[in-house]
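Student: Mind having a look at this structure? Questions to follow.
The values are calculated or read from the model by the stated rules, or taken from the named source; none is laboratory data. These figures come from a predicted structure and were not determined experimentally. All Cβ positions, even for glycine, are placed from backbone atoms using ideal geometry, and neighbour counts span all protein chains on display. Accessible surface is based on the protein model in full, side chains and every heavy atom, while ligands, DNA and RNA are left aside. Shrake-Rupley method; radii C 1.70, N 1.55, O 1.52, S 1.80 Å.
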Amino acid sequence: MTENRNRCVITGLGMVSAIGNSVAECWEAALAGQCGIGKVASVDSTGCYADLGAEVHADDLDNVTGAADMDRVSKLCVKASREAVADAGISFENDAARCGVIMGSCVGGAVSIDHFYRNGCPAEDVRKMTISPIANQVAGQFGIGGIVTNVANACAAGTISIAYACDLIRAGKGDAFIVGGADAFASVPYAGFLSLHALDAEPCSPFNRSSGITLGEGAGALVVESYEHAVARGARIYCEVLGSGIGSDAYHITAPRPDGEGQMNAIRRAIRTSGLEPSDIDYINAHGTGTAKNDEAEFLSLRTIFDGEHTNLRVSSTKAMVGHCLGAAGAIEAVFSVKALTDGKIPPTIGYTEEDLTVLAERAGNIDFMPNMPKAAELTSVMSNSFAFGGNNASIIFSKKSGNVTAPVKKAKVVVTGMGIVSPVGQGKEKYLAAVREGKAPETNSVFAGVGAGDYARCGLKMAFYRKLDKFSQLQAVSGMDALADAGLTVTEENATDIGIIVGTEDGPVATVCDFAKDLVEKGNSAGSAFRFPNTVYNAAGGYLSICSGIKGYNVTVTNGAQAGLGSIAYAVNIIRDGVENAMLATGTDENCETIGCLYERMSILAPAGNRPYVGSGAGMVLSEGSTTLVLENAETAKARGSRAYAEVIGYGMTHAARSRAVGDEAVSALVRAVREAAVDAGIGVENIDTVIGFGNGRADLETTEIAAYRALFGQRDVPVCNVRGVIGEGRAATAALSAAHAALLLSGELSGEVEAYTLNGVPRTVEIRGENCRTVLVTAAAEDGSFTALLFRKI
């Protein structure tokens, strides 16, 4: 394994946008102040007050392997990724298991959703609809076998993807990652921003006219590596990634805090973790959307932090040229930032008239907002900022300086101190425990988890607030608030930034997105619902949970199939181990409804009736829903506040089978690797594992992979396999997270005695779970596109 000393470097760049189909084209156009905004051609703008967009014009998007199975967003992402990989001169052939992909997106396969409802609902569109496939399809192009996932934090997604990859490299979880973000122009975001009256009827003018955004599309990709890995292969290094800051406003689902508090927290954290001072930042590629509220809040944040600290700071918004590319924005702007740093040239903020320049001079202070013209400058450290729907804020710093990022001398121990469970058997831990003890099982192929007025009252949620939420966010809000209560963790102004949230989901709010899209098909793009649109972004659930809980720390949504429910826990463990936060809410949430049921029926993976894992017909799964939230804490801070701990999280492993879709020998090998990596992380041997909580869901293909992996790991040893899906069905990320809660309940002794389990041959049996024979529990989860996560929990 390549030695890691916490230095992360950029070695490859890729980009496609409205002003070019490569980094070179985009950079030349940006320095020339070229505007890529024009009348939209890809969506209907009839009757719409704004009809402008920044669309990509590329005729080679279909020239990739597997293009027929991709939404336009994935094609854009693959195009940028291929350029970045070629630019880095990197091959993944010999160390695929140590390389990964993390991609950001806001709306995912929205083009396919629109096509689905306009063209008779073809089944082949269904698998293209969500964000989940994007990173997997990039990984498939290169045979990558390490950590693969997507970040779904709207406009901050691309920036967070870079930060997460660096965290993983510094944690020793990988050597190289393809990172970035992508989004395609589609009816849903276009009509949605129209409904909010957030679009400008003219080309957007950030930090100037500030009368609205202009949507764009495209993709940005970067190759980030450990310094040692890059040097060992003789790579050309653009720059280092020093530090990053991620946080939450806890204020409003679409508008930023007027006082800029959340933005400033992210910026200051990025500067602090980089070992820099504000005066060290030479250039900032601003979020700069062109809306009055966003521009004013960001203007205030920049003036507050940098005025008086800096006499020569340059700031520009490249969105005036490429539009607001949503989930791609942070990645595209990261590429522009790196190019500015390495070429010594700063792109302008275009669109200023002579009159505008007079107004700007009066209010800009010491900050140069780069009006209309590029400038040459000697740059050492640059920053890129992204501030998103949901109140999510992210800032990242690139530098010519050597990294000064230091890991904690001792990694923090992580314990589970609380849980909130919303499932078809009822709300709360006690109802779930009762259902397990009674041996309940779904009787149909589709089951639901209802939440109502009693749950809202118990959680202290006002009905006026709750009515703003779609079902996906409602499930998350209840389980999150219940988990905080179970942990006895009170959020205050003093600790709000020391607590964070990671939401894991497979399908996110796809039901809301589909319902929104159906309305557009029937009524036109001018008839989008301003009430419904904010809930179409995946990170709305995490944003609402932040608002109702008051949590202002880390806030990220990850999505890559059902395993995202365990992936969120792994991510949260990293954050606590690194000392970034003292406590994290790690969640898995997915909903079921008529729209979701229709989509899954189209994929032909539902059982004809109730079905059970391992011992059923193998004909399909029972579609379910729910939300499970675990409160994870630094063991020392949990002890200091007198908290009870269910179990300790001691290790995790995440792998990918790039070309097998979770079945076959490659998938078996990937699952085995995930478990072995978790054991290495935990400092134990596989032989120390007492019990497994598996992911079988009634689908013969997945269960065959799972059982084969357990046999390879445990041989003839008698290791019982438990499974929560036999009780509540397949709730995807919610059920994966519930599997982790189940492990914690076993280890705490709250679920003990005779427990239903299975042999490694899938034969049902009853086992006696007691403290002496259940000290280390393995939890596994899989994603349909081939990603696996393994978590290890230990008795305290």
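Student: Quick one: which residue in LYS128, LYS79, LYS75 is open to solvent by 20 Å² or more (accessible area, probe 1.4 Å) and within 25 Å of ALA394 (Cβ to Cβ)?
Tutor: LYS79
Student: Kindly provide the set of residues from the range 306-316 that are open to solvent by 10 Å² or more (accessible area, probe 1.4 Å) and not charged (D, E, K, R), ordered by number. Walk me through how you get there before you give the answer.
Tutor: Of all residues in the range 306-316, those open to solvent by 10 Å² or more (accessible area, probe 1.4 Å) come to 307-312, 314.
Selection gives GLY308, HIS310, THR311, ASN312.
Student: Out of GLU83, GLU25, report the one residue that is over 24 Å from the mean Cα position of the chain (by Cα), in a helix (DSSP H, G or I) and not aromatic (Phe, Trp, Tyr).
Tutor: On the way: GLU83 fails: over 24 Å from the mean Cα position of the chain (by Cα).
Matching residue, one of GLU83, GLU25: GLU25.
Student: In this structure, is SER274 surrounded by fewer than 21 Cβ atoms within 10 Å (Cβ to Cβ), touching a Gly at 6+ places or on another chain (Cβ under 7 Å) and either among the aromatic types (Phe, Trp, Tyr) or over 19 Å from ALA154 (Cβ atoms) (or both)?
Tutor: Numbers: surrounded by fewer than 21 Cβ atoms within 10 Å (Cβ to Cβ): no; touching a Gly at 6+ places or on another chain (Cβ under 7 Å): yes; either among the aromatic types (Phe, Trp, Tyr) or over 19 Å from ALA154 (Cβ atoms) (or both): yes.
Here the answer is no, as SER274 does not meet what is asked.
Student: A further question follows. Mind counting the residues in the range 277-301 that are open to solvent by less than 10 Å² (accessible area, probe 1.4 Å), within 30 Å of LEU469 (Cα to Cα) and of a type in the set (S, T, N, Q)?
Tutor: So the count comes out to 2.
Student: A follow-up question, please. Quick check: is even one residue across the range 518-529 assigned to a helix (DSSP H, G or I), closer than 23 Å to VAL188 by Cβ, open to solvent by less than 10 Å² (accessible area, probe 1.4 Å) and in contact with a Phe, Trp or Tyr (Cβ under 9 Å, 6 or more places away or on another chain)? Can you show your working first?
Tutor: As a first pass, look at the range 518-529 and keep what is assigned to a helix (DSSP H, G or I): 518-523, 525-527.
This time we only want the ones that are closer than 23 Å to VAL188 by Cβ, so: 518-523, 525-527.
Now drop any that are not open to solvent by less than 10 Å² (accessible area, probe 1.4 Å), which leaves 520, 525.
Then keep just the ones that are in contact with a Phe, Trp or Tyr (Cβ under 9 Å, 6 or more places away or on another chain); that gives 520, 525.
Yes, some residue in the range 518-529 is assigned to a helix (DSSP H, G or I), closer than 23 Å to VAL188 by Cβ, open to solvent by less than 10 Å² (accessible area, probe 1.4 Å) and in contact with a Phe, Trp or Tyr (Cβ under 9 Å, 6 or more places away or on another chain).
Student: Further question on the same structure: Working only within the range 630-662, note down all residues that are open to solvent by 50 Å² or more (accessible area, probe 1.4 Å), in contact with an Asp or Glu (Cβ under 7 Å, 6 or more places away or on another chain) and either modelled with pLDDT of 95 or more or under 15 Å from GLN563 (Cα atoms) (or both).
Tutor: Here is the first cut: in the range 630-662, the residues open to solvent by 50 Å² or more (accessible area, probe 1.4 Å) are 636, 639-642, 644, 659, 661.
In the following step, the residues that additionally are in contact with an Asp or Glu (Cβ under 7 Å, 6 or more places away or on another chain) were identified as 659, 661.
Passing the criteria: only ARG661.
Student: Would you mind stating whether GLY327 is at pLDDT 95 or above, open to solvent by less than 10 Å² (accessible area, probe 1.4 Å), under 24 Å from GLY53 (Cα atoms) and not in a loop (DSSP other than H, G, I, E, B)? Steps first, please.
Tutor: Details: at pLDDT 95 or above: yes; open to solvent by less than 10 Å² (accessible area, probe 1.4 Å): yes; under 24 Å from GLY53 (Cα atoms): yes; not in a loop (DSSP other than H, G, I, E, B): yes.
Taking the combined requirement at face value, the residue satisfies it.
Student: Further, regarding this structure: How many residues, within the range 94-115, are without any contact (Cβ under 8 Å) to a residue 24 or more places away in the chain and either buried (at least 20 other Cβ atoms within 10 Å of the Cβ) or within 17 Å of ASP507 (Cβ to Cβ) (or both)? Steps first, answer last, please.
Tutor: Restricting attention to the range 94-115, the residues satisfying the condition of being without any contact (Cβ under 8 Å) to a residue 24 or more places away in the chain are 94, 115.
Add one more test, that the residue is either buried (at least 20 other Cβ atoms within 10 Å of the Cβ) or within 17 Å of ASP507 (Cβ to Cβ) (or both), and what stays is 115.
Summing the residues that are without any contact (Cβ under 8 Å) to a residue 24 or more places away in the chain and either buried (at least 20 other Cβ atoms within 10 Å of the Cβ) or within 17 Å of ASP507 (Cβ to Cβ) (or both) in the range 94-115 gives 1.
Student: Let me ask something additional. Taking the criterion of being closer than 19 Å to LEU242 by Cβ, assigned to a loop (DSSP other than H, G, I, E, B) and among the hydroxyl-bearing types (Ser, Thr, Tyr), would at least one residue in the range 392-407 satisfy it?
Tutor: Within the range 392-407, the subset closer than 19 Å to LEU242 by Cβ is 393-407.
Then drop every residue that is not assigned to a loop (DSSP other than H, G, I, E, B), which leaves 400-407.
Narrowing further to those that are among the hydroxyl-bearing types (Ser, Thr, Tyr): 402, 406.
Yes, the range 392-407 has at least one match.
Student: I'm trying to understand the selection: among the residues of the range 28-48, which are open to solvent by 50 Å² or more (accessible area, probe 1.4 Å) and either more than 19 Å from THR349 (Cβ to Cβ) or assigned to a loop (DSSP other than H, G, I, E, B) (or both)?
Tutor: So the first thing to find is which residues in the range 28-48 are open to solvent by 50 Å² or more (accessible area, probe 1.4 Å), and the list is 28, 32, 34-35, 39, 41-42, 44, 46-47.
Passing the criteria: ALA32, GLN34, CYS35, LYS39, ALA41, SER42, ASP44, THR46, GLY47.
Student: Which one is surrounded by the fewest Cβ atoms within 10 Å (Cβ to Cβ), of the residues in the range 379-402 that are modelled with pLDDT under 95 and over 19 Å from ILE501 (Cα atoms)?
Tutor: SER402
Student: Looking for something closer than 24 Å to ALA156 by Cα and in contact with a His (Cβ under 9 Å, 6 or more places away or on another chain) - is there at least one such residue anywhere in the range 53-60? Spell out the reasoning first.
Tutor: Going residue by residue through the range 53-60, those that are closer than 24 Å to ALA156 by Cα are 53-56.
So of that shortlist, the ones also in contact with a His (Cβ under 9 Å, 6 or more places away or on another chain) come out as 54.
Yes, that holds for at least one residue.
Student: OK, next. Residue check: is GLY715 free of Cβ contacts under 8 Å to residues at least 24 places away in the same chain and over 18 Å from VAL767 (Cα atoms)?
Tutor: Spelling it out, GLY715 is indeed free of Cβ contacts under 8 Å to residues at least 24 places away in the same chain and over 18 Å from VAL767 (Cα atoms).
Student: Yes or no: ALA135 small (Gly, Ala, Ser) and either surrounded by fewer than 22 Cβ atoms within 10 Å (Cβ to Cβ) or farther than 19 Å from SER42 by Cβ (or both)?
Tutor: Working: small (Gly, Ala, Ser): yes; either surrounded by fewer than 22 Cβ atoms within 10 Å (Cβ to Cβ) or farther than 19 Å from SER42 by Cβ (or both): yes.
When the stated conditions are applied, ALA135 passes them.
Student: Considering only residues that are among the acidic types (Asp, Glu), open to solvent by 30 Å² or more (accessible area, probe 1.4 Å) and at pLDDT 95 or above, which ones fall in the range 49-59? Walk me through how you get there before you give the answer.
Tutor: To start, the set of residues in the range 49-59 that are among the acidic types (Asp, Glu) comprises 51, 55, 59.
Applying the additional criterion that residues be open to solvent by 30 Å² or more (accessible area, probe 1.4 Å) yields 51, 59.
Matches in the range 49-59: ASP51 only.
Student: Looking only at the range 178-207, which residues are open to solvent by 10 Å² or more (accessible area, probe 1.4 Å), part of a helix (DSSP H, G or I) and among the aliphatic types (A, V, I, L, M)?
Tutor: LEU194
Student: Could you grab me the full set of residues in the range 768-796 that are acidic (Asp, Glu) and either farther than 15 Å from GLY145 by Cα or in contact with a Cys (Cβ under 6 Å, 6 or more places away or on another chain) (or both)? Can you show your working first?
Tutor: Of the residues in the range 768-796, the ones acidic (Asp, Glu) are 768, 772, 784-785.
Scanning the range 768-796 gives GLU768, GLU772.
Student: Look through THR497, THR536, THR512, THR505 and report the one residue that is polar (S, T, N, Q) and under 18 Å from ALA255 (Cβ atoms).
Tutor: Among THR497, THR536, THR512, THR505, only THR536 is polar (S, T, N, Q) and under 18 Å from ALA255 (Cβ atoms).
Student: What is the residue count in the range 257-271 for residues that are closer than 19 Å to ILE213 by Cβ and open to solvent by 20 Å² or more (accessible area, probe 1.4 Å)?
Tutor: Applying the first criterion (closer than 19 Å to ILE213 by Cβ) to the range 257-271 yields 257-258, 260, 263.
This time we only want the ones that are open to solvent by 20 Å² or more (accessible area, probe 1.4 Å), so: 257-258.
Of the residues in that region, 2 qualify.
Student: Shifting gears a bit: Can you tell me which residues in the range 563-590 are open to solvent by 10 Å² or more (accessible area, probe 1.4 Å) and not in a helix (DSSP H, G or I)?
Tutor: ASP578, GLY579, VAL580, ASN582 - these are the residues of the range 563-590 that are open to solvent by 10 Å² or more (accessible area, probe 1.4 Å) and not in a helix (DSSP H, G or I).
Student: How about the range 269-291: which of its residues are over 22 Å from the mean Cα position of the chain (by Cα) and in a helix (DSSP H, G or I)?
Tutor: Answer for the range 269-291, where residues must be over 22 Å from the mean Cα position of the chain (by Cα) and in a helix (DSSP H, G or I): ILE271, ARG272, PRO278, SER279, ASP280.
Student: Starting from the range 488-513, take each residue that is farther than 24 Å from GLY262 by Cα and list its partners that are surrounded by fewer than 24 Cβ atoms within 10 Å (Cβ to Cβ) and hydroxyl-bearing (Ser, Thr, Tyr), counting only C-beta distances under 8 angstrom and pairs at least six apart or across chains.
Tutor: GLY488/SER643; VAL510/THR595; ALA511/THR595
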